[in-house]
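Remarks on the structure that follows.
Coordinate-derived values only; no laboratory data. These numbers were taken from a predicted model, which means no experiment stands behind them. Glycine also receives a Cβ, built like all others from the backbone with ideal geometry; neighbour counts cover every protein chain displayed.
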Amino acid sequence: MLEIKNLHASIDEKEILKGLNLSVKAGEVHAIMGPNGAGKSTLAAVVSGKEDYEVTEGSIELEGEDIGELGADERAHKGVFLSFQYPVEIPGVSVTNFMKTAINETRKARGLEDMPARDMLKKIKEKSELLEIDSKFLSRSLNEGFSGGEKKRNEIFQMAMLEPKVAILDETDSGLDIDALRIVANGVNKLKSNDNAVIVITHYQRLLEYIVPDYVHVLHDGKIVKSGTKELALELEEKGYDWIKAEL
Amino acid sequence: MELKEKLVSSFLAFESTVDVKNPLHDIRTKAIKDFEAFGFPTKKVEAWKYTSLNSVLKNDFALFPKSEVAIEYKDVKKYFIHDLDTYKIVFIDGVYSSHLSSTTHDKFDVCLMSSALTQNRFKAVIDVYFNKIAKQDGLVALNTAYSKEGAYVYLPKNTAGDKPIEIVHFSTGSEDAMLLQPRNLIVVEDNSEVTVIERHQSLSENKTFTNSVTEIYAGRNAHVDYYKIQNDTNSASLIDNTFTDQYDHSVASVHTFAFGGEITRNNLNFTQKGQGIDSILNGVTILEGKTHVDHNTLVEHTEPNCESHQDYKGIFDEKSTGVFNGKIVVDQIAQKTNAFQSNNNVLLSDKATVNSKPQLEIFADDVKCSHGCTIGQLDESALFYLKTRGIPEKEGKALLMYAFANNVLDSVKIPQLKTRINALIAEKLGVSIGFDL
């Protein structure tokens, strides 16, 4: 589903990703772990199309199509979703209307008519219940004054609404208490299917107890240096990252 | 001949069109002398530092339209809030159009200034209010000297206007360049309320220069909402001089939506002459090209326990320029005044300019006054966030701009008007998303 080959990316002429390879198939959950500064968030930003980064080498393919030159909006239309580590506050735009705009713009790009208002409301209701989101919350300005947990739940709510093919969850567990973590993870698990894939970027093993990965990768200095199964995450939790650095 | 000389020398010709024996005419003859003394403002005057009228004044304006042009309603329907039942006072090249208008003398008066100034039954109101609220400077004096036509609205005590009033000025381009000087008087006596929507619209690319004066009286407990839609062509310039006197516990609001026109200057004055008054001045400015808008506000707090709220948002693209010059005066006696002012601007281009100048003159010691002004750019991280959700760049920018102005738009009380303004904004931003935030 998602094939990343020899990806090199830099910002302000500083190279962050230095030949990264990752192959994610439909139905899989991949975890990407690694120390601070390894390039985890850069990977998320580059795959989702942030223009501040320059891809100098390599390719990103979604279902066999090179998406490396597409804008972030076009990638979203093709099914890429990024759950932000720090969701942006947008005063003056309500969650509901933001979602309506996002869905209808995506439909427009796919050559579809606007979603009928009744279907939209039904979908919003269904997906907000999945994330245990109160209906009052949906009329508030997007992310403005939301707690850390509310912001992350709202991110996964958006994922549920947009039904992406590949969802990248960037540090979705940070700032969450255990209840919020359970709700978020439960939401992600319910959205998982044989037709989509999830990439979980995290520092800690904690989230992976709830969203169980098929593969765990260690990112270090812009490259994936070790891959394994979920047991690798436990080992990392126990021993830290130094032993991997020592192996290199 | 310079425009000023032309205006002074044409006054004789103008006099032949009005009743010079009416005692009111003394006001005009004094005003033309004042205009001769004051002239047009120049950039040397502090309040006009950022707005030059030179490019406008060099035109050879016709002062009196030579021919009457008829307009069909269907051709100008879009300039009205046509899905709303309103009274209408419509002018074509400064001349009243009875077939586009819808007036009343039933429980209150919505009619022509030319009637009010000449007919006996309006004399009592005219004597008390006409030219008593406006502060005199060159432009106001010029308008007063030529005052003859405009909108006259009078609500006696304890009267609520049953529907909004639209005042619409069309210019047809029947002259190469036309000077229009509408004079409006809105008198809302104690416990009465009214809503007015005003628009100036040029229907050609010929030059139009409008020097408008509006006097508003809001009596005790009166409520006045005034909306100005300034979305004219790039060949039309407007100087809007609006003066509001408010008495105890009245609420008056003026919303100014400045979306176009070559040069637009809003001189907006509020004088609070009682207690418990609220004055609301809101504006949204969205400009591109080489257009220029100058909001020059003055709120005078002359009695205790009053409030004023100013909120102006500006979005400037290409080479457009904006000015906000907001002055708040709190007299020594005006204790417990709450006066707030905010002016936020977004520049979308390196060549756009904003000059924002708050002025607070506070002589009382127990007041709450605040002002804040910001000039910034659209938040790139917010734009990226929107794009990752499938919202394209243009729509994303539009959404952010709309959100930026949303609290002002939200304060528009007439849903049909709000819808119309939202549509104007969407049209300006070149997007088709429905902004129902």
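Taking the number of other C-beta atoms within 10 Å as the exposure measure, put A:Glu129, A:Glu150 in order starting with the fewest. Each step should come with its number before you reach the end.
Details: A:Glu129 10, A:Glu150 19.
Lowest count first: A:Glu129, A:Glu150.
Build a GNM of chain B with springs between Cα atoms under 10 Å: which of B:His99, B:His169, B:His292 gets the top mean-square fluctuation?
The residue that fluctuates most here is B:His99.
Just add up the charged neighbours of B:Asn191: K/R +1, D/E -1, any other residue whose Cβ is under 13 Å from the Cβ of B:Asn191.
-2
Write down the Kirkwood hydrodynamic radius of chain B, to one decimal in angstroms, obtained as one divided by the mean of 1/r over all alpha carbon pairs.
22.2 Å is the Kirkwood radius here.
Roughly how many whole Å is it from the C-alpha centroid of region A:217-243 to that of region B:155-176?
If you average the Cα positions of each part, the centres end up 73 Å apart.
Just checking the output field for B:226-237: average partner chain Cβ neighbours within 10 Å of each residue's Cβ?
0
Using label points projected 7 Å from each Cα along Cα→Cβ, tell me how many nm separate A:Lys190 and B:Val128, to one decimal.
Result for the modelled spin labels: 6.6 nm.
Per DSSP helix of 4 or more residues, -39500 (n - 2.57); summed, then divided by the residues of chain A. What does that give at 222 nm, rounded to the nearest 500?
Mean residue ellipticity, 222 nm, calculated: -11500 deg cm²/dmol.
Among B:Lys43/B:Lys397; B:Lys132/B:Lys290; B:Lys207/B:Lys319; A:Lys125/A:Lys151, which pairs are too far apart, with a Cα-Cα distance over 25 Å?
Working: B:Lys43/B:Lys397 35 Å; B:Lys132/B:Lys290 36 Å; B:Lys207/B:Lys319 21 Å; A:Lys125/A:Lys151 18 Å.
With Cα atoms farther than 25 Å apart: B:Lys43/B:Lys397; B:Lys132/B:Lys290.
If I take R0 = 25 Å and measure r between the Cβ atoms of A:Glu57 and A:His203 in this structure, what FRET efficiency does the formula 1/(1 + (r/R0)^6) give, to the nearest 0.05?
0.35
Just name one of A:Val88, A:Ile168, A:Ile103: the one whose Cα is farthest towards the positive end of the charge dipole of chain A (beta-carbon charges, Lys/Arg +1, Asp/Glu -1).
Looking along the dipole axis, the top candidate is A:Ile103.
If each residue's Cβ is checked for other Cβ atoms within 10 Å, how do B:Cys306, B:Cys373, B:Cys111 rank with the fewest at the top? Present the calculation step by step, with values, prior to reporting the outcome.
Working: B:Cys306 26, B:Cys373 16, B:Cys111 21.
Final ranking by Cβ density, sparse to dense: B:Cys373, B:Cys111, B:Cys306.
Among B:Ala364, B:Ala141, B:Ala116, which one shows the highest mean-square fluctuation when chain B is modelled as a Gaussian network with alpha-carbon springs under 10 Å?
B:Ala364
Take chain A, connect every pair of alpha-carbon atoms lying under 10 Å apart with a spring to form a Gaussian network, then pick out the residue of A:Lys125, A:Lys151, A:Lys190 with the largest mean-square fluctuation.
Answer for the Gaussian network model of chain A: A:Lys190.
If you take every DSSP beta bridge fully contained in the protein assembly as shown, what fraction is antiparallel? Give it as a percent rounded to 5.
20 percent
Only helical DSSP H runs with n ≥ 4 go in: add -39500 (n - 2.57) per run for chain B, normalise by residue count and round the 222 nm mean residue ellipticity to 500 deg cm²/dmol.
Details: 11 runs with 97 residues, N = 437.
Rounded to the nearest 500, the figure is -6000 deg cm²/dmol.
For region A:131-248, what is one quarter of the convex hull surface built on the Cα atoms, given in nm²?
About 8.3 nm², averaged over all directions.
Would you please calculate the Kirkwood hydrodynamic radius of region B:166-225 over all C-alpha pairs and express it in Å, rounded to one decimal?
Values: mean 1/r = 0.0760 Å⁻¹.
The Cα-based Kirkwood calculation yields 13.2 Å.
In nm, give the distance between the simple-model label positions of A:Ala26 and B:Lys163, each being 7 Å from the Cα along the Cα-to-Cβ direction.
For A:Ala26 paired with B:Lys163, the spin-label model returns 5.9 nm.
Ignoring solvent entirely, what values of log10 I(q)/I(0) come out of the Debye formula for region B:294-398 at 0.10, 0.12 Å⁻¹ when each Cα is a single scatterer?
The computed values of log10 I(q)/I(0) come out as -0.40, -0.53.
In square nanometres and to one decimal, what's the mean projected area of the convex hull around the Cα atoms of chain A?
Computing the convex hull of the Cα atoms and averaging its projections yields 13.2 nm².
What's the Kirkwood radius of the protein assembly as shown in Å, using all Cα pairs?
28.4 Å
Taking beta carbons within 10 Å but only from partner chains, what does the mean come to for residues A:108-119? Write out the running numbers ahead of the final one.
On the way: counts 5, 2, 1, 0, 0, 0, 1, 0, 0, 0, 0, 0.
Mean inter-chain Cβ contacts per residue within 10 Å come to 1.
Partner chain Cβ atoms within 10 Å, averaged over the residues of A:86-95 - can you pull that number for me?
Counting Cβ atoms of other protein chains within 10 Å of each residue's Cβ and averaging gives 6.
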